């Protein structure tokens, strides 16, 4: 729903990169034309704090939206490798700033009645990666640019609704195990045929 409310190719490309790379909003906004490498599916950012260059993997969708955005702006904005990757939508074209991106996202929030922040997109990326059983948490730490694993763990706390669903599922499993154990101790079968249950509860009666 959020993606559908984004009105420009630029904004769709930005959100696709934020959600798939886990980069901070300011890190991605600072990228230059030469920092995007569609062939390797990588984008280079300057890390906040350390100021180190780091290549981040991004989703194929992110590069598709970027390519469409670049085709749309070809000839309208400077295209040199050292030129900004992201521009304002109207003339005179200027490099997109954090405050301008924040205002764009605020308008989307207003249309949805939501209160997400650009940083929430980083949290979303971290949470999705951490939930992948085939992706070690140390890999998530590297992607997020954290010096300490404990910092990464702060980003991956589950939403309240997920925790509630998980606990309820736990209780259901515990109940199933207890029922099975009690049935086994009493020498009762663990399951019944539907026909037997119908007879037992007289469901065949009008």
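Read-outs throughout are calculated quantities, based only on the coordinates presented, and are distinct from any laboratory measurement. This structure is a prediction, so every number in the text was calculated from the model and none was measured. Neighbour counts are summed over all protein chains in view; Cβ atoms, including those assigned to glycine, are modelled from backbone coordinates with ideal geometry.
Most tightly packed first, judged by the mean number of other beta-carbon atoms within 10 Å of their residues, the peptides 168-178, 39-49 read 39-49, 168-178.
Per residue, the convex hull spanned by the Cα atoms of the range 120-183 measures out at 99 cubic angstrom.
What Kirkwood Rh does the range 3-155 have if only Cα atoms enter the pairwise 1/r average? Answer in Å. About 16.0 Å, per the Kirkwood formula over Cα pairs. Using the Cβ-Cβ distance between residue 160 and residue 134 with R0 set to 22 Å, the FRET efficiency from 1/(1 + (r/R0)^6) comes to roughly 0.25. Each peptide among 137-143, 125-131, 156-162 gets the average number of other Cβ atoms lying within 10 Å of its residues, and from highest to lowest they stand as 125-131, 137-143, 156-162. The Kirkwood hydrodynamic radius of the range 24-65, based on inverse pair distances between different Cα atoms, is 10.5 Å. Start at zero, step by 5 Å, and the Cα-Cα distances of the range 1-86 spread as 3, 15, 26, 28, 17, 9, 2, 0 percent across the bins.
Seen from a random direction on average, the alpha-carbon convex hull of the range 111-150 projects onto 3.6 square nanometres.
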